[in-house]
Amino acid sequence: MQHYTSMTHKRLYITFLICAFWSVLPFFCLTAEGKDFVVVIDPGHGGKDPGAIGRRGKEKTINLNVALKLGALIRENCKDVKIVYTRQKDVFVALDKRAQIANNAKADLFISIHTNSVAKGRTIRGTETYTLGLHRTEDNLEVAKKENSVILIENDYEQRYAGFNPNSAESYIIFEFLQDKNMEKSVQLATYIQKQFKTTAKRIDKGVHQAGFLVLRETTMPGVLVELGYISTPDEERYLLTEAGTTALAKSIYQAFLKYKQQNGTLHEKAVAQPVQAETPTRQPAEKKPQAKQSAPASAQVSDEKPIFKIQILTSDRKLPAKSKQFKGLSPVGYYQENGIYKYTYGESSDYNKVLRSKRQISAKFKDAFIIAFKNGKKMNINEAIKEFKRNR
């Protein structure tokens, strides 16, 4: 009996050590309590829709290769994650069907994988990741048009997509007023992916952007659309067709997924934004700092009564110095933290129109900037904030 008790204690001790060991690993998938984390992996194009075509390869094949490798990495290392593919072979799947698959699976995350291209005569390299929103540049619009044009080979696309014309700029006006409730988490994942593409796959980082993608508009969870590189650029196409290339790209998305899941996957709670903190100018004498703090309650009183609008200009996984070159000369710049990400803002006012004018003025510097709103020190739905602003006018 004493020997049995001793063995039991040893087993418990070993089990404890194993659990403690895994708990400190930075990229290990922790088991979610009571619910699997569901990720939908969407290899773009397929079947009769080849996507972009290079000299030797096709987008649909590259997308599927990376998607299957990504799924294999998640399946091998994350036992609590359920993987759903929109396709696992070379078949055509309509855009609305892809979104329906994700919605029916009650997915926690949607990752759509694509490969970019440009017209002959242009040479572009690099990866970029998109979230749903209004395009800020013509290049972003062209990417959205290209990916959305697949609906033209679908049956009854005009009825299925409420008259949306993927080649008409006017159709994209609907995204002007779209503030996706999942935007913050989508941007968070997109930021992680781009960082991994740069550090793990050693690719050129073309950044995180917004554009009007139908497949993202129809889904009800955080999601991104990844562009792996340019099949129209010969050296990038060669990389995209290699085993090493597709493996590195899949691993990059996988590492980003793990970091995102660590932040969002186990608690399944809505993130609450922290109050925006204004950067203190370095030239301000130390003895005046308490006076600056005394002015905060006045600002808080205003936010108690009215929403405060700000322009979000960029995000970072670390705190940037007050005079960072990334602010491109804008001052003062504030920030708040959400899901471990620093989110930087410029300007603030209870007058939405004033902030909107400011956003237009800085659009040349920050093409992907967008307006957010706070009340009582907490971020609120921008549409509700605008409605309240109109009522108070």
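How long is the gain from ARG75 to ARG56 if the chain were fully straight, where each residue apart is worth 0.36 nm and the alpha carbon distance is subtracted? Provide the component values of the computation, followed by the final result.
Details: separation 19, 0.36 × 19 = 6.84 nm, distance 3.07 nm.
In short, 3.8 nm is gained.
May I ask you to list the residues of the stretch 372-393 whose amide nitrogen lies under 20 Å from a point 7 Å from Cα along the Cα→beta-carbon direction of LEU356?
Under cut-off, by backbone N: 372-375, 380-393.
Distance check, please: which entries in LYS58/LYS365; LYS97/LYS390; LYS69/LYS325; LYS82/LYS387; LYS306/LYS365; LYS325/LYS378 exceed 32 angstrom between their Cα atoms? Show your work: numbers first, answer last.
Working: LYS58/LYS365 35 Å; LYS97/LYS390 38 Å; LYS69/LYS325 37 Å; LYS82/LYS387 39 Å; LYS306/LYS365 29 Å; LYS325/LYS378 28 Å.
Exceeds cut-off: LYS58/LYS365; LYS97/LYS390; LYS69/LYS325; LYS82/LYS387.
Would you mind getting me the FRET efficiency between LYS323 and ASP205? Use the beta-carbon distance for r and R0 = 22 Å, nearest 0.05. Working shown, then result.
On the way: r = 23 Å, r/R0 = 1.03.
Taking R0 as 22 Å, the efficiency between LYS323 and ASP205 is 0.45.
Determine, for VAL208, VAL84, the number of other Cβ atoms within 10 Å of each Cβ, and report the residues in order from fewest to most. All intermediate terms of the calculation are to be shown ahead of the outcome.
Numbers: VAL208 23, VAL84 17.
Going from sparsest to densest Cβ surroundings: VAL84, VAL208.
Every number in this text was worked out from the coordinates using simple rules, so none of it is lab data. As the structure is a prediction and not an experimental result, all values here were calculated from the model. Counting neighbours? That spans all protein chains shown, and the Cβs are built from the backbone with ideal geometry, glycine included.
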